[in-house]
Amino acid sequence: MTRPRLGFLGVGWIGRHRMQAIVAADLAEIVAIADPSPEMAAEAQKLALDAKGVAGLDGLLEAKLDGIVIATPSALHAEQSIRALSRGASVFCQKPLGRTAAEVQAVINAARKADRLIGVDFSYRHTQGMQRIRDIVRAGELGKIFAIDLVFHNAYGPDKRWFYDRAQSGGGCVMDLGVHLVDLALWVLDFPEVTNVTSKLFGGGELLGCPPDRVEDYAVATLELASGAVVQLACSWRLQAGRDAIISATFYGTNGGATLHNIDGSFYDFIAERYRGTARETLATPPDAWGGRAAVYWVSRLAAGARFDTGAERLITVSRVLDRIYGR
């Protein structure tokens, strides 16, 4: 294994958190940091003492990096990823990889052409609980899965203005939170065909058109799968939820069920349980430092010499479902 040379584009809270996880894993050298905020860049350099501050993506590309970690506003993800890939750098990007399936397709095409590794920060896949649930479902222990219920309510909502600009964000709570729910359902079930999608989007309590003319702050959607299973999801910003967050992913089969849900409104602490009739069994409990595992997994693959993986095309599948939720 080699130690890849990495650069970070955007080192706000998320970017620094992923940097901290990569530093702790000690699998790579962080050599360059780019952020428009000198304060954020300075905080990041406390984690990577040998990294140099550079001017934007151009500065990172001049550093001849093996990989770039992107944590910038959503409108920039696709273009920045494509530029990095075309210059020979693998990419790990915050979700969404693109605001539409067309943007995601363009990134995947660039990764395939450059033969470079592409990763997206679908971090909830890497919780201990979801790993256990996926294994149980894939092994057939729950029987035939026929219903999946998914919820992600953030009682605060984003604190950056660009999230509320549809041109910059690509959408509201569905693009921010629902993308995780769609990914979890499809990932656990090994990406079955989605045959039909229906949805309702709300903004400030008002039903929005489809496609909406502004970002939604509450959404419900139903996904019908080729297997006959049905996926129901709900997500929101600033819901009167009585707690900071409500997060859960539950899979019901003919022989039992399994769920991951947050504890006491936490964004970070989860418990996973298996259901047998009215009985339950605990599968995983806190503490579980899962937040940076997706980034570390990408770095470990990069260090092992991984290049373009056709599995990345499943990122397009997730984005196509979001397009259908939005009526695009």
Mind listing whichever residues of region 115-170 are closer than 22 Å to A221 by Cβ, small (G, A, S) and out of contact with any Leu (no Cβ under 7 Å at 6 or more places or on another chain)? S123, A147, G157, S169, G170
Among the residues of region 106-148, what is the count of those that are part of a strand (DSSP E or B) and under 18 Å from the mean Cα position of the chain (by Cα)? 3
What is the number of the single condition among (1) over 18 Å from V174 (Cα atoms); (2) surrounded by 15 or more Cβ atoms within 10 Å (Cβ to Cβ); (3) in contact (Cβ under 8 Å) with a residue 24 or more places away in the chain; (4) more than 22 Å from the chain's Cα centre (by Cα) that E273 does not meet? (3)
Name the pairs whose Cβ atoms lie under 6 Å apart, with the first residue in region 18-45 and without any contact (Cβ under 8 Å) to a residue 24 or more places away in the chain, the second in a loop (DSSP other than H, G, I, E, B), and 6 or more positions between them or separate chains? Q45/A51
Answer residue from region 276-328, given it is open to solvent by less than 80 Å² (accessible area, probe 1.4 Å), farther than 30 Å from G172 by Cβ and among the charged types (D, E, K, R) and is farthest from the chain's Cα centre (by Cα) among those: E281
Would you call A48 in contact (Cβ under 8 Å) with a residue 12 or more places away in the chain and over 11 Å from L9 (Cα atoms)? yes
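A quick yes/no check of all residues on (1) modelled with pLDDT of 95 or more; (2) among the β-branched types (V, I, T); (3) buried (at least 18 other Cβ atoms within 10 Å of the Cβ):
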position: S123; (1), (2), (3): yes, no, yes
position: I133; (1), (2), (3): yes, yes, yes
position: I136; (1), (2), (3): yes, yes, yes
position: I145; (1), (2), (3): yes, yes, yes
position: I148; (1), (2), (3): yes, yes, yes
position: F152; (1), (2), (3): yes, no, yes
position: D159; (1), (2), (3): no, no, no
Condition check: of a type outside the set (D, E, K, R) and either open to solvent by less than 50 Å² (accessible area, probe 1.4 Å) or closer than 20 Å to V11 by Cβ (or both). Does A102 satisfy that? no
Hey, could you check region 219-240 for residues that are buried (at least 24 other Cβ atoms within 10 Å of the Cβ) and in contact with a His (Cβ under 7 Å, 6 or more places away or on another chain) and say which is farthest from L181 (Cα to Cα)? S236
Under 9 Å by Cβ, and 6 or more places apart or on different chains, what pairs join a residue from region 313-328 that is closer than 23 Å to D213 by Cα with one that is open to solvent by 40 Å² or more (accessible area, probe 1.4 Å) and among the hydroxyl-bearing types (S, T, Y)? R324/T198; I325/T198
Which listed residue is under 16 Å from the mean Cα position of the chain (by Cα) and part of a loop (DSSP other than H, G, I, E, B), from G15, G98, G88: G98
Please count how many residues of region 77-130 are of a type in the set (K, R), over 20 Å from A304 (Cβ atoms) and touching a residue at least 40 places away in the same chain (Cβ under 8 Å). 2
Answer yes or no: is there a residue in region 266-285 that is among the hydrophobic types (A, V, I, L, M, F, W, C), closer than 28 Å to R112 by Cα and not in a helix (DSSP H, G or I). no
Taking G7 and the conditions (1) surrounded by fewer than 16 Cβ atoms within 10 Å (Cβ to Cβ); (2) of a type outside the set (A, V, I, L, M, F, W, C); (3) not in a helix (DSSP H, G or I), which numbered condition does it fall short on, given that it satisfies the others? (1)
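The values are calculated or read from the model by the stated rules, or taken from the named source; none is laboratory data. Predicted, not measured: the structure shown is a model, and the values here were computed from it. Cβ atoms come from the backbone with ideal geometry, glycine included; neighbour counts cover every protein chain shown. These accessible areas exclude ligands, DNA and RNA; they are computed on the full protein's heavy atoms, side chains included. Shrake-Rupley method; radii C 1.70, N 1.55, O 1.52, S 1.80 Å.
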